[in-house]
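Below is one structure; the comments refer to it alone.
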Amino acid sequence: MSRYRWFSAVLMASIVAASGASAQQLAVGSGIDPSQGLWLIAQQKGFATKYGLQLDVKTFESGSFPLEAVTAGDLVAAGTNGALPSLGGRAKGGRYLGVARGLTAPRLACAVATATVKAPKDLEGKNVGILPGSSSELWWARYARYHKIERVKTVKVAPAEMVTALRGGQIDSFFIWEPWCFRATGIVSGAHVLAYGGDNNVFPFPDLMINFSESLVRNQPDTAVKLLRALYDAAEWVQSNPEAAAQIFASAYRGKVDEFTTLTKQMNFGLRLDGSVYEVFYDFAGWMKQNGLITVPDTKALVDGYLYPDLLAKIDPTRVGRPTDKK
């Protein structure tokens, strides 16, 4: 469990004031950017307490790492960005279910490059940093295909090391998600944003997938619904109060308030699990199989077994549906 650290700052009182009942403690995991902040908001703004829960939030440098802890039984729930880590882990036996998408953010996926890279074709012959097996890899693949970029060496780099690698010259660009692009342009001389995922509709898909352990959903369904209700309320609050939410995110994740305010306002918060989510996951699963990232015989079955709309349907049935539904 060396990949994450305890985030003790979000611990709350263990008694639910309204009822006097002891709150149920749940260990959950998240990344360290605003897209992963619903767990933090649910705890700090009292939404978890409202439903008799106390969240112990552990933070990770990448949203894909918490899923390992869920599978290991150390967490009951976690957020992750995009389909690749969710489906990749699930294909390897991960015991978790995708119970909702928490937001959409066409400008969350981003690419930063040095001053020598002014246009997409300038990447040819250069080193590009990506995090294999994550949305970073698919973001780069779609960008390269769209712009017909060839002869590029991809370098495996952890998100927290990308800025350092760019500054040190080990890579000339990286494809990742915020806040790493914000940080790179503020630290590395000449670094600039080369593209956002939503540009030309190349990669507008990044989102927060909310994952619950199968044991929580199957064995404690009432608790699972309460936890999702807390996150639902948190998402609605952030959407209505982005500046206040950004203050909380910046304090917790040690970021700049103005940076986090910009990021938060660029995201559309709100829990859904409708046909558009299914279609994105079907598309991603097919790409993953084609590129050898998963070896399952039926990618549709993989997606259908992972996405679990039943909980959200109990909270807001207007937010769920399948691709064939006409709503």
Count - residues of segment 79-96 that are crowded, with 24+ Cβ neighbours inside 10 Å and either modelled with pLDDT of 95 or more or over 10 Å from the mean Cα position of the chain (by Cα) (or both) = 4
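Each row is one residue, and each column tells you yes or no for (1) at pLDDT 95 or above; (2) in contact with a helix residue (DSSP H, G or I) (Cβ under 7 Å, 6 or more places away or on another chain); (3) under 21 Å from PHE284 (Cβ atoms).
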site	(1), (2), (3)
ALA141	no, no, yes
ALA144	yes, no, yes
ARG151	yes, no, no
ALA158	no, no, no
ARG167	yes, yes, no
SER173	yes, yes, no
inquiry  = Need the failing condition index for LEU194 against (1) assigned to a helix (DSSP H, G or I); (2) out of contact with any Lys or Arg (no Cβ under 7 Å at 6 or more places or on another chain), just the number.
reply    = (1)
key: Those helices (runs of 4 or more DSSP H) lying entirely in segment 60-158 with at least 3 residues of a type in the set (A, V, I, L, M) and not assigned by TED's automatic domain parsing to the domain that holds PRO242   = 135-147
ask   = Would you say THR154 is β-branched (Val, Ile, Thr) and either under 24 Å from GLU68 (Cβ atoms) or within 19 Å of the chain's Cα centre (by Cα) (or both)?
value = yes
From the options ALA195, ALA165, ALA246, ALA252, residue that is touching a Leu at 6+ places or on another chain (Cβ under 6 Å) and small (Gly, Ala, Ser) = ALA252
query = Considering only residues of segment 23-59 that are of a type in the set (A, V, I, L, M, F, W, C) and part of a helix (DSSP H, G or I), which is farthest from LYS265 (Cα to Cα)?
reply = ALA48
Flag if PHE175 is assigned by TED's automatic domain parsing to the domain that holds ASP310, in contact (Cβ under 8 Å) with a residue 24 or more places away in the chain and among the aromatic types (Phe, Trp, Tyr) = no
message = Of the conditions (1) over 22 Å from the mean Cα position of the chain (by Cα); (2) modelled with pLDDT under 90; (3) among the aliphatic types (A, V, I, L, M), LEU108 satisfies every one except a single condition; which number is it?
response = (1)
message = For GLU178, only one of the following conditions fails: (1) among the charged types (D, E, K, R); (2) more than 18 Å from the chain's Cα centre (by Cα); (3) modelled with pLDDT under 95; (4) within 30 Å of GLY93 (Cα to Cα). What is its number?
response = (2)
task = Could you tell me which numbered condition PHE175 fails, if it satisfies all but one of (1) part of a helix (DSSP H, G or I); (2) in contact with an Asp or Glu (Cβ under 9 Å, 6 or more places away or on another chain); (3) crowded, with 19+ Cβ neighbours inside 10 Å?
result = (1)
note = In segment 139-172, anything of a type in the set (Lys, Arg) and either in contact with a Gly (Cβ under 6 Å, 6 or more places away or on another chain) or crowded, with 23+ Cβ neighbours inside 10 Å (or both) is listed as ARG151
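The values are calculated or read from the model by the stated rules, or taken from the named source; none is laboratory data. If you're wondering where the values come from, they're calculated on a predicted model, not measured in any experiment. All Cβ positions, glycine included, derive from the backbone under ideal geometry; neighbour counts span all protein chains shown.
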